[in-house]
Structure formats: C-alpha cells, structure tokens
Amino acid sequence: MPGSEIAPWFEWEAGSAFCKADRRAPHDREPPAGFDDIPTGRYPKCMAPANAPQAARIDSRQKLIKAAMAAIRKQGYAATSVDDLCGMAGLTKGAFFHHFKSKEALAIAAMEYWTERDSALFEGAPYRASSDPLDRILSYLDFRKGLMVGTLTEFSCLAGTMVQEVYVSHPDIARACEACIWQLFPTLPPTWPSPASRNCPRQLPV
C-alpha cells in the first residue's frame, strides 16, 4: 500500500516479508517502525460500548415516565397531552411511541414506577419498627407529614391524584393506582382491616 501511513501495520498483520522472516511467536514480534504513530482519534466513535444504544433507550423511557409523574400531579391526566410530555422530556413523538403505544400506557408505567419507588421508601420507614399498634399509626402519620416538603405538586401522591380522575374512564390505570394504595396495608398494624375484610371501606370501583 504505497503512500499509506498505516501500510506497515496492515502488511505486518497480514504476514508480510517482515513477519515471515521473523520466526518468533506472533506475540513476541515487534511491530514495524511508525506503528505507535498511527492516529487513534477516530477510535472512540467506532469503539463505543455495545450497550450505549440500549442505555439511551432506557434513559428516554425514564424521562417520559418522570415527565408523566410531574405533569399528571400538576394538571391532571386529561389535561396532559402527548405533546406536553414530549416537551417536558425533550423527546420527539417518534420516541414517545417507540416506548409507549398510548398516553394511557405511559400513565400505567408511571404508576408502576411510583409503586415500586414507594414500596422501597416505606420498606425502610421508621414507623415499621414500632410493635405497638397505636404507636405505629402515629409514627406512620409523622412519617407521612415528613414527606410533605415543597409545593403541593411536589409531594402529592400520584395514585391518589390520578385515581380520582380516571377510576371510571380508564379502569386499567385505576387498577394500577389501586395496587399502589393497597400495598401499604401490610405495613400498618396487624389489627388494621385488610382490603378483603368486610369492615374495610369499599374498594375502588374498577
């Protein structure tokens, strides 16, 4: 490859006269002069981690979920459009529909994420260490009060906010909200009525 700066590398790698005359094992051979001067500035782009596209997709999906949680708590489900969500997330509609087939699908995903996050939060809450039923209830209320920081939108419950609006019009979303609300019962005193108890308030009409 006359005139090419990287020709020695290709010839050496391919088994040129330089290599053939050298009977040492391949890993013991020295590369030709000038090998260390080959520019490598082009490598970072072509050697990007194989999972980079997947990480970008996950990040885009998460941005939409967080946008939905913020927008729905601020202005409600019906008043939140796909355009609003894309604008908040800084993504296109194409990206939106790549991850979610509809606004309802995103709302359900956001509710599932909220439930998972709440579960982890309440799992380590201080009130769970109390064995006395009354103390646990009072500690639970104190814990809840401690979460009320910032504006109403910032500390309001996504499940409680959204279920009031969609419990009839969007039963799938309502069921996702119900799952989040009822998950807290096992963390309260054993004497607290379970959802299946006849003494428990009627379940959400879904």
- Task: State yes or no: is Leu121 under 24 Å from the mean Cα position of the chain (by Cα), within 16 Å of Leu188 (Cβ to Cβ) and either assigned to a helix (DSSP H, G or I) or not hydroxyl-bearing (Ser, Thr, Tyr) (or both)?
- Result: yes
- Task: Considering only residues that are touching a residue at least 60 places away in the same chain (Cβ under 8 Å) and charged (D, E, K, R), look in segment 78-122 and name the one that is farthest from Leu64 (Cα to Cα).
- Result: Asp118
- Task: Please indicate, with yes or no, whether at least one residue in segment 97-109 is more than 22 Å from Cys177 (Cα to Cα) and among the small types (Gly, Ala, Ser).
- Result: no
- Item | Of all residues making up segment 93-142, the number that are at pLDDT below 95 and of a type in the set (D, E, K, R) | 9
- Go through segment 76-94 and give me each residue that's assigned to a loop (DSSP other than H, G, I, E, B) and over 19 Å from the mean Cα position of the chain (by Cα). Gly76, Tyr77, Ala78, Ala79, Thr80, Ser81
- Quick one: which helices (runs of 4 or more DSSP H) lie wholly within segment 127-181 and hold at least 3 residues that are of a type in the set (D, E, K, R) and surrounded by fewer than 20 Cβ atoms within 10 Å (Cβ to Cβ)? 133-146
- Could you please let me know if Ser102 is surrounded by 15 or more Cβ atoms within 10 Å (Cβ to Cβ) and either polar (S, T, N, Q) or under 30 Å from Arg61 (Cβ atoms) (or both)? no
- Item | Check on Gly90, modelled with pLDDT of 95 or more and exposed (fewer than 10 other Cβ atoms within 10 Å of the Cβ) | no
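The values are calculated or read from the model by the stated rules, or taken from the named source; none is laboratory data. Since this is a predicted model, take the numbers as computed values, not measurements. So basically every Cβ, Gly included, is an ideal-geometry build from the backbone, and we count neighbours across all protein chains shown.
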